[in-house]
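Following: one structure in structure tokens, then a few remarks.
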Amino acid sequence: MARSSRLLAATSVVVGAALALTACSSSSDDSGGSGGSGAAGPVTLEFWGWATGLEDAVALWNEENPDIQVDFFRMTGDDGDKIPAAIDNGTAPDVVQMSVHSIPSHVIANRLTDLTEYVGDLEDDFTDASWANVTFDGSTYAVPQDFGPNALMYRSDIFEQHGLTVPTTWDEYLETARALKAADPNLYIAQMSPNETGYWIADVWQNEGSWFGIDGDAWTVDVNDEASQEVAERWQTLLDEDLVKVVDMWTPEYWAEINAGTIATINYAAWFPAMLEANAADLAGSWSVAPSPVYEAGSTAAGAGDSSVDVIPTGTEDVAQAAQFLTWLNTSEESLDILVGENSMFPAALSGLQSDALHQPNAYFGGQVVNDVFAEAAENVPASWVDGPVYDLVQDTIKDEFAKVGNGAQTFEQALDAAAEYARTQLEQQGLNVK
């Protein structure tokens with residue numbers, strides 16, 4: 001994995017994040033340590049999660065581990081919203097799957113067990129970026145489960161029709177967008193979706209940026225820093241020149257544009273090909289996948305967005321047994337065969353990325369082994385991203401601000417400035433030090 005000095009510096013920031021988390025947390029430290037009673041007899045763990053195939057993996061675990069049985073509950077709807085209060089009330093499950101972006105806020109609230117002594121030696125089993133997101137100041141608070149590296153899905157038939165070459169840099173992407181518009185004014189290189197921050201985060205992450213950072217014992221707000229402004233400049237040009245279609249993702253209108261063939265590329269996560277197949281079945285054979293364009297020729301950096309992790313809430317008594325289960329669930333060949341091979345989860349574990357089951361031809365993409373591209377991207381995502389304790393609030397604010405960009409009321413630069421100011425205010429209102 002290529003690493004620039006900037007990336008290494010950013011990684012150091014991630015490692016130092018917990019210094020601020022610890023320094024600024026108002027929680028006691030009586031349950032943030034290793035914890036765990038290590039019960040002598042058989043135990044039954046309650047596990048809440050949503051990934052496809054978890055029932056099958058749990059069934060295999062239970063068959064082979066009579067002394068550590070797992071009761072699985074499939075989370076739907078707003079089940080995830082119940083978890084914080086359940087942890088605070090001492091009624092949470094023993095193991096919970098959650099978005100990786102939630103970790104800092106839960107660490108500050110003393111809701112997660114420090115798993116360092118149980119799973120800290122698993123670092124080499126996962127991609128650098130996925131492990132960096134669960135580790136703070138040398139302490140590990142979760143086990144990565146799935147990951148969402150980005151790649152460029154593009155309409156190969158449209159590119160061929162208009163004699164376009166797949167862009168390898170973002171500068172080339174901009175020129176390709178202009179050429180496509182010149183060839184057919186009804187076509188757009190991509191869509192701009194105010195209601196979805198995943199593609200935006202991935203672009204900033206690929207540029208080794210972040211929304212938050214740490215400076216000494218204080219949080220920094222990087223929502224509008226240089227890395228994000230570079231991304232904003234590109235998107236502003238695409239928008240100003242009418243090269244992108246403004247439409248919210250996941251809506252009927254969005255899928256109508258996709259199916260009508262007006263959107264030529266989607267730079268998005270490894271799980272999106274399945275969404276395309278489900279929502280644009282008639283376009284089978286029209287799409288291909290290539291590495292995301294990069295900021296500098298020769299770079300291999302890729303972006304990523306949402307991913308999930310498994311945590312053990314504070315208050316869980318059988319921490320050692322729960323950690324043993326999570327280690328097996330997310331790193332063992334037999335579990336990954338189920339989650340990856342039978343249920344198409346894109347894994348965070350390196351062994352999962354090398355699984356033959358992951359690298360199978362995809363009929364929807366004309367037989368291309370698309371996960372070859374996504375797997376390489378997964379190992380090239382910079383370990384630079386820091387999820388701050390007010391991530392969810394900032395994400396919602398950015399959606400609101402980007403909606404104003406989409407209707408021409410303001411620029412991306414103004415949106416980022418507004419979101420950054422909001423983030424600082426929220427951090428300060430939580431009693432955290434902010435620079």
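A few notes on this one:
- Any hit, segment 184-195, residues being under 23 Å from Ala256 (Cβ atoms), among the β-branched types (Val, Ile, Thr) and in contact (Cβ under 8 Å) with a residue 12 or more places away in the chain: yes
- Leading residue by the ranking (most open to solvent (accessible area, probe 1.4 Å)) among those in segment 39-68 that are modelled with pLDDT of 95 or more and of a type in the set (A, V, I, L, M): Ala59
- Of all residues in segment 117-137, those that are open to solvent by less than 50 Å² (accessible area, probe 1.4 Å) and not aliphatic (A, V, I, L, M) total 8.
- Count of segment 282-337 residues which are in contact with an Asp or Glu (Cβ under 6 Å, 6 or more places away or on another chain) and more than 30 Å from Ile158 (Cβ to Cβ): 6
- Cβ-Cβ distances below 6 Å connect the following pairs, each with a first residue in segment 388-410 that is on the phi < 0 side of the Ramachandran plot and among the polar types (S, T, N, Q), a second residue that is assigned to a helix (DSSP H, G or I) and surrounded by 21 or more Cβ atoms within 10 Å (Cβ to Cβ), and a separation of six or more residues or different chains: Thr397/Ala419.
- Any hit, segment 102-110, residues being buried (at least 21 other Cβ atoms within 10 Å of the Cβ), among the β-branched types (Val, Ile, Thr), touching an Asp or Glu at 6+ places or on another chain (Cβ under 8 Å) and not in a loop (DSSP other than H, G, I, E, B): yes
- Selection count, segment 390-406, where residues are open to solvent by less than 10 Å² (accessible area, probe 1.4 Å) and either in a loop (DSSP other than H, G, I, E, B) or in contact with a strand residue (DSSP E or B) (Cβ under 6 Å, 6 or more places away or on another chain) (or both): 1
- Beta carbons closer than 6 Å, at least 6 apart along the sequence or on distinct chains, pair a first residue in segment 411-435 that is under 20 Å from Ser105 (Cβ atoms) and at pLDDT below 95 with a second that is part of a loop (DSSP other than H, G, I, E, B) and charged (D, E, K, R) for Asn433/Asp217.
One line per residue, one yes/no per condition, for (1) open to solvent by 50 Å² or more (accessible area, probe 1.4 Å); (2) at positive phi:
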residue	(1), (2)
Ala260	yes, no
Ala269	no, no
Ser288	no, no
Gly298	yes, yes
Asp306	yes, no
Thr314	no, no
Val319	no, no
Gln324	yes, no
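- Segment 49-98, residues that are of a type in the set (Gly, Ala, Ser) and under 22 Å from Asn343 (Cα atoms): Gly49, Ala51, Gly53, Ala57, Ala59, Gly77, Gly80
- Within segment 69-85, being more than 24 Å from Ala320 (Cβ to Cβ), open to solvent by 40 Å² or more (accessible area, probe 1.4 Å) and either polar (S, T, N, Q) or in a helix (DSSP H, G or I) (or both) holds for Thr76, Asp81, Lys82, Ala85.
- The set of residues from segment 144-169 being assigned to a strand (DSSP E or B), open to solvent by less than 30 Å² (accessible area, probe 1.4 Å), farther than 18 Å from Ile201 by Cβ and not polar (S, T, N, Q) comprises just one member, Arg155.
- Scanning segment 207-234 for residues that are in contact with a Gly (Cβ under 6 Å, 6 or more places away or on another chain), open to solvent by less than 10 Å² (accessible area, probe 1.4 Å) and either in a helix (DSSP H, G or I) or among the β-branched types (Val, Ile, Thr) (or both) yields a total of 2.
The values are calculated or read from the model by the stated rules, or taken from the named source; none is laboratory data. These figures come from a predicted structure and were not determined experimentally. Because the Cβ atoms are built from the backbone with ideal geometry, glycine has one as well, and the counts that use them run over all protein chains shown. We work out accessible area using only protein heavy atoms, side chains counted, and drop any ligands, DNA or RNA first. Shrake-Rupley method; radii C 1.70, N 1.55, O 1.52, S 1.80 Å.
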